[in-house]
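I have placed the structure first, in the form of structure tokens, so that the comments after it can refer back to it.
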Amino acid sequence: MKLKLKIPLCFFDLETTGINISRDRIIEIAVIKLMPTGETVRKTNLINPGVIISAESTAIHGISNEDVAGKPIFKEVAKEYAKFFEGCDLAGFNILKFDMPMLVEEFLRAEIEFDYSRKKLIDAQRIFHLMEKRTLSAAFKFYCGKDLTEAHSAEADTQATMDVLLAQIERYENQDVTDTLGKKIGTITTNADSLSQLSSSELVDLSGRMIKNEKGEAVFNFGKHKGKPVLQVFKAEPAYYDWMMNGDFALDTKRWLTKIKLSQFTQK
């Protein structure tokens, strides 16, 4: 195995009732824990979301309201999964924009403080788009030479993602990665640190409402204050913090807003 791990790497995928981080819910979670030895441990659950699964969602992932009837709600398995993720870095396909924000939101609803700030986050989609610019099915076909016949089954997608990332390392080891302007932003290596740097180095909150600028400051990434340092905006317009805290923003975003706001009182 080319990937050199110091600690386990958990590949995971979610199927959900929709794509709204604040309102939608997890209906299936699958995790494959890749150990430094190359062994794998799997954990998968169907989840009762407590809300109706629309026909449109079922058409995508094939999971119906009947399938989740009698299954545990996320709060009932949250501690198990928090424990399973403990001491591990995280990987997946498009996890930065969707799966991680959704997972953290569900943990927070279950009143579990899931601290991902010390974990390496590796997004195989981000590396794929940087190196080949394309869905998981296409990546699986391109890197592994196979058709993903069970796309949108959480376990099949998770297995395919792991296979894709391992194949990416085989193909791109020691190659430089550039952004759309040709600026070098990293190198593909066999360790989780550099892969995480390529995947998530600019993010502050998982929804991408805030990112880091070249100085490492948290700046807004949307709206009228896009590009402005968050602390600078809060000092000039204190009501903006209240507006966001009362608005339809993810709990993770609000948690980071509060951390940043409180940091001004600890700065010398």
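For the reader, a short list of remarks on this structure follows.
- Of the listed requirements (1) in contact with a Gly (Cβ under 7 Å, 6 or more places away or on another chain); (2) within 29 Å of residue 15 (Cβ to Cβ); (3) not assigned by TED's automatic domain parsing to the domain that holds residue 40, residue 219 misses just one: (2).
- For first residues located in the range 128-152 and farther than 28 Å from residue 56 by Cα and modelled with pLDDT under 90, partners that are among the small types (Gly, Ala, Ser) and surrounded by 15 or more Cβ atoms within 10 Å (Cβ to Cβ) and lie 6+ apart or on another chain with Cβ distances below 8 Å form the pairs 132/139.
- The selection criterion, being of a type in the set (S, T, N, Q), surrounded by 13 or more Cβ atoms within 10 Å (Cβ to Cβ) and farther than 19 Å from residue 5 by Cβ, holds for residue 207.
- Residue in the range 78-86 that is assigned to a strand (DSSP E or B) and on the phi < 0 side of the Ramachandran plot present: no
- Selected residue [on the phi > 0 side of the Ramachandran plot, modelled with pLDDT of 90 or more and not aliphatic (A, V, I, L, M)] from 174, 191: 174
- Lone qualifier among 166, 181, 203 - being at pLDDT below 90, of a type outside the set (S, T, N, Q) and closer than 22 Å to residue 14 by Cα: 203
- Residue ranges of strands (runs of 3 or more DSSP E) in the range 158-268 with at least 2 members within 17 Å of residue 126 (Cβ to Cβ), touching a Lys or Arg at 6+ places or on another chain (Cβ under 6 Å) and not small (Gly, Ala, Ser): 176-178
- Summed over the range 102-115, the residues that are under 13 Å from residue 90 (Cα atoms) and either part of a helix (DSSP H, G or I) or not charged (D, E, K, R) (or both) give a count of 3.
- Boolean, residue 217 is surrounded by fewer than 18 Cβ atoms within 10 Å (Cβ to Cβ) and touching a Pro at 6+ places or on another chain (Cβ under 6 Å): yes
- Test: residue in the range 48-70 that is under 24 Å from residue 126 (Cβ atoms) and in contact with an Asp or Glu (Cβ under 6 Å, 6 or more places away or on another chain): yes
- Residues (assigned to a loop (DSSP other than H, G, I, E, B) and over 17 Å from residue 91 (Cα atoms)) located in the range 6-36: 17, 18, 19, 20, 21, 22, 23, 24, 25
- Close pairs from the range 25-44: first on the phi > 0 side of the Ramachandran plot, partner surrounded by fewer than 17 Cβ atoms within 10 Å (Cβ to Cβ) and outside any strand (DSSP E or B), Cβ under 7 Å, at least 6 apart: 38/1
- Test: residue in the range 41-54 that is charged (D, E, K, R) and either in a strand (DSSP E or B) or outside the structural domain of residue 78 (by TED's automatic domain parsing) (or both): yes
- Count of the range 26-84 residues, restricted to those that are under 19 Å from residue 108 (Cα atoms), hydrophobic (A, V, I, L, M, F, W, C) and surrounded by fewer than 15 Cβ atoms within 10 Å (Cβ to Cβ), is 1.
The values are calculated or read from the model by the stated rules, or taken from the named source; none is laboratory data. These figures come from a predicted structure and were not determined experimentally. Using ideal geometry, Cβ is built from the backbone for each residue, glycine included, and neighbour counts are taken over all protein chains shown.
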